[in-house]
Amino acid sequence: MDAETGLPFVDEQHTTVPAPAPVAWELLCARVPRFADAETYARLIGARPRGFSGGPLAEGSTLPGFEVTEAVPGRLLRLAGRHAFSRYELVLALSEEDGGTRLSARTYAEFPGVHGFAYRALVIGSGAHRFFVARLLRGVREAAR
């Protein structure tokens, strides 16, 4: 259980972006809205929030299925949301390292009830969540090249 979110840990993925943290941040900010651009899916599963609002990844702004709960440019982006089968948080952290910036994505989520259990099997158990988060990280890395 994560002390800050109160949610169980699901997984962590990371990559090295061959660019300094401010550049990696800008590339991440350009890709996250496309990662979350699934308004039809968000509506189908009852995700909250449902659409885009506010500034570009500023605290309080929203994307389909996510609210930006913390944004520290060049360091941290915390996205939280919920829907009929889950409550979740995706934490994207950047840290300088030799050769560029380490970009990590940590996922926390709870899946209550029978429907939550089935949804977890479908999304986490199938590898779909891992695939889409890896694609986001890879997109940032490749854009830096």
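The values are calculated or read from the model by the stated rules, or taken from the named source; none is laboratory data. Worth saying up front: this structure is predicted, and the values here are computed from it rather than measured. With ideal geometry, Cβ positions are generated from the backbone for all residues, glycine too; neighbour counts draw on all protein chains shown. These area figures cover heavy atoms from the full protein model, side chains too; ligands, DNA and RNA do not enter into them. Shrake-Rupley method; radii C 1.70, N 1.55, O 1.52, S 1.80 Å.
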Tell me the per residue accessible area of the chain using a 1.4 Å probe; a whole number in Å² is fine.
52
For the ranges 102-108, 139-145, what's the packing order if you count other beta-carbon atoms within 10 Å of each residue, average per peptide, and put the highest first?
102-108, 139-145
Once both axes come from the Cα atoms, what is the angle between helix 21-35 and the longest principal axis of the chain, in degrees from 0 to 90, rounded to 10?
30
How many percent of the accessible area of the chain is carbon or sulfur, using a 1.4 Å probe?
56
If you take the square roots of the eigenvalues of the alpha-carbon gyration tensor of segment 32-137 and sort them as a ≥ b ≥ c, do you get rounded (a/c under 1.5), prolate (a/b over b/c) or oblate?
oblate
Could you state the angle between the C-alpha long axis of helix 128-144 and the longest principal axis of the C-alpha atoms of the chain, as a value from 0 to 90 degrees rounded to the nearest 10?
20
Comparing VAL23, VAL123, VAL32, which has the greatest mean-square fluctuation in the GNM of the chain with Cα pairs linked when under 10 Å apart?
VAL123
Residue by residue through segment 102-109, which ³J(HN,Hα) values in whole Hz follow from phi under the Karplus form 6.51 cos²θ - 1.76 cosθ + 1.60 (θ = phi - 60°), with glycine and proline marked x?
7, 10, 10, 10, 10, 10, 10, 6
